[in-house]
1. Ignoring ligands, DNA and RNA, what percent of the accessible area of the chain is carbon or sulfur (1.4 Å)?
2. Would you please give the FRET efficiency between E115 and W214, computed as 1/(1 + (r/R0)^6) with r the Cβ-Cβ distance and R0 = 25 Å, to the nearest 0.05?
3. For the pair A187 and D94, how long in nm is the line joining their label points, each one 7 Å along Cα→Cβ?
4. Which FRET efficiency value, to the nearest 0.05, do you get for R59 and Q174 by plugging their Cβ-Cβ distance into 1/(1 + (r/R0)^6) with R0 = 51 Å?
5. Under a 1.4 Å probe, what is the accessible area of the range 75-213 per residue, stated in Å²?
6. What is the Å³ per residue value for the convex hull set by the Cα atoms of the range 54-96?
7. Run through the range 116-191 and list the chymotrypsin sites (Phe, Trp or Tyr not before Pro) located in a DSSP loop whose Cβ has at most 10 other Cβ atoms within 10 Å.
8. Suppose the Debye formula is applied to equal point scatterers at every Cα of the range 28-128; what is log10 I(q)/I(0) at q = 0.17 Å⁻¹?
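The values are calculated or read from the model by the stated rules, or taken from the named source; none is laboratory data. As the structure is a computational prediction, the values presented were derived from the model and not from experiment. Every residue, glycine among them, receives a Cβ derived from its backbone with ideal geometry; neighbour counts consider all protein chains shown. Side chains are part of the model used for accessible areas, which takes the heavy atoms of the whole protein and leaves out ligands, DNA and RNA. Shrake-Rupley method; radii C 1.70, N 1.55, O 1.52, S 1.80 Å.
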Amino acid sequence: MTDVAGVLAPAVRWQNATITRRVMQTPEITSFFVRPDRPFTWRAGQHVDIRLTAEDGYRAIRSYSIASLPGADDELELAVERLADGEVSLWFHDVAQVGDVVEIKGPLGGHFVWEPEDGGPILLIGGGSGLVPLMAIARRGAEAAARVPMHLLLSARSPQDVLYREELEALERQNDRFGMTLALTRASAWRPQDFSRRIDDEILARVLKRLPAWPKRVFVCGTNGFVNAAADGAQAAGVAAEIIRTERYGGL
Ligand SMILES: Cc1cc2nc3c(=O)[nH]c(=O)nc-3n(C[C@H](O)[C@H](O)[C@H](O)COP(=O)(O)OP(=O)(O)OC[C@H]3O[C@@H](n4cnc5c(N)ncnc54)[C@H](O)[C@@H]3O)c2cc1C
């Protein structure tokens, strides 16, 4: 496998990674920074698999998107949402400590990725922790010399639940090619460009007009129900199915 810079990356196989930091991002989402024993490069939008093994040999494997900017350093940022009845997400939130070792495999996924040479404009649509791979794409877009126009339509319950809110607002202020629309489902919008309801066809039609031209690609990520609603809404607003890329986290 060859990475974006043309450097040989290790084959995808299980290896150990050490948790180096944990940073609470929202009441439900915490970032876990992990350092693999054999560092690898990745593309914005890719994910890793995490494998936990209990003392009795029981194993659980789950996928987590990589939030960090490709090539930033040897640490990967995984932002894990706490599911009250979840298995692996609860282990991360309630048990995992800095210094713990997990098994990791990656980078994985070649469909839900974006490189600056892919061009734009790009529409990113995320629900809750579905922002994670989109954040890697937004961070990549912000550093890319091409300065591709991107717009993020993000659904969250309240302002406190907007993952990476400060960074996204700063990106919006500093980069005239990056815009953000929030759809808050359980709070009032405090910015005139935002909405206080679930993403629907009308919101999608209005957001599409906030890009300087029709999008070249639309990335949608979240639960199954969210992805279905957002992808259907984008198509109802005239977006061709072929340019829509989806990533599903499971759940309703
Ligand atoms: C490509 C990809 C990337 C992902 N990236 C992220 C990410 O960046 N951040 C993130 O937080 N998540 C991400 N996910 C989701 C993640 O992989 C896990 O699914 C999530 O963390 C829940 O795992 P869990 O072990 O905590 O919950 P699980 O134990 O898997 O439970 C999940 C839900 O299923 C229900 N459930 C479990 N077992 C059953 C059963 N037998 N019958 C019926 N219902 C059941 C539970 O009640 C719960 O509501 C990603 C998923 C994919 C596919």
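1. On the way: 5580 of 11570 Å².
Of all accessible area on the chain, carbon and sulfur atoms account for 48 percent.
2. Numbers: r = 20 Å, r/R0 = 0.80.
Computed FRET efficiency for E115 and W214: 0.80.
3. 2.6 nm
4. Numbers: r = 44 Å, r/R0 = 0.86.
The formula returns an efficiency of 0.70 here.
5. Details: 5840 Å² over 139 residues.
On a per-residue basis, the range 75-213 sits at 42 Å².
6. Values: hull volume 4.3 nm³, N = 43.
Per-residue hull volume (Cα only) is 101 Å³.
7. Details: sites: Y164, F178, W190; in loops: Y164, W190.
In loop regions of the range 116-191 (DSSP not H, G, I, E or B), the sparsely surrounded chymotrypsin sites (Phe, Trp or Tyr not before Pro) are W190.
8. Values, matching the q order: -0.84.
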